[in-house]
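First comes the structure, then the notes that go with it.
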Amino acid sequence: MTQYLQQLSKETKTVIIPGFGALTVTNETTGEIMFMPYLKFDDGTLTKFIIEQETCDLAAAKNTVSKFVNEVNIVLEKGGSFQMRNFGAFSMKDGEIVFD
């Protein structure tokens, strides 16, 4: 999933992770990204991208996203940080999810 989020963030300014939140590029020069927890609505972009990359169907792509969200939430609920190699990490700060 990390590679999909990385690639999409280069192609679009905002990548919505359905049911979780969105990553928005705030500075293209530095690659700074901000997490927006309130943008959870599935706009279909991530799912379509996964379908294209994996040549799978809609159900499989949605399952991939759902598994990712569940994995991140489990790590965060345990007080950990969900690391995404060469991209960033989700963690909890003052009761809110942040992306570093």
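Here the relative contact order of the chain, from alpha carbon pairs under 8 Å that lie six or more residues apart, stands at 22 percent. Net charge of the neighbourhood of VAL65, taken over other residues with C-beta under 13 Å away and scored Lys/Arg +1, Asp/Glu -1, is 0.
What you get for the chain, charging only the Cβ of Lys and Arg (+1) and of Asp and Glu (-1), is a dipole of about 120 debye around the Cα centre. Comparing VAL75, CYS56, MET92 along the charge dipole axis of region 9-100, the residue lying farthest to the positive side is VAL75, per the Cβ-charge model. Relative intensity of region 4-100 on a log10 scale, I(q)/I(0) at q = 0.14, 0.22 Å⁻¹, equals -0.51, -1.24, per a Debye sum over C-alpha point scatterers of equal strength in the absence of solvent. Each Cα pair under 8 Å and six or more residues apart adds its separation to the average, and for region 42-100 the resulting relative contact order is 17 percent.
Every number in this text was worked out from the coordinates using simple rules, so none of it is lab data. Since this is a predicted model, take the numbers as computed values, not measurements. All Cβ positions, glycine included, derive from the backbone under ideal geometry; neighbour counts span all protein chains shown.
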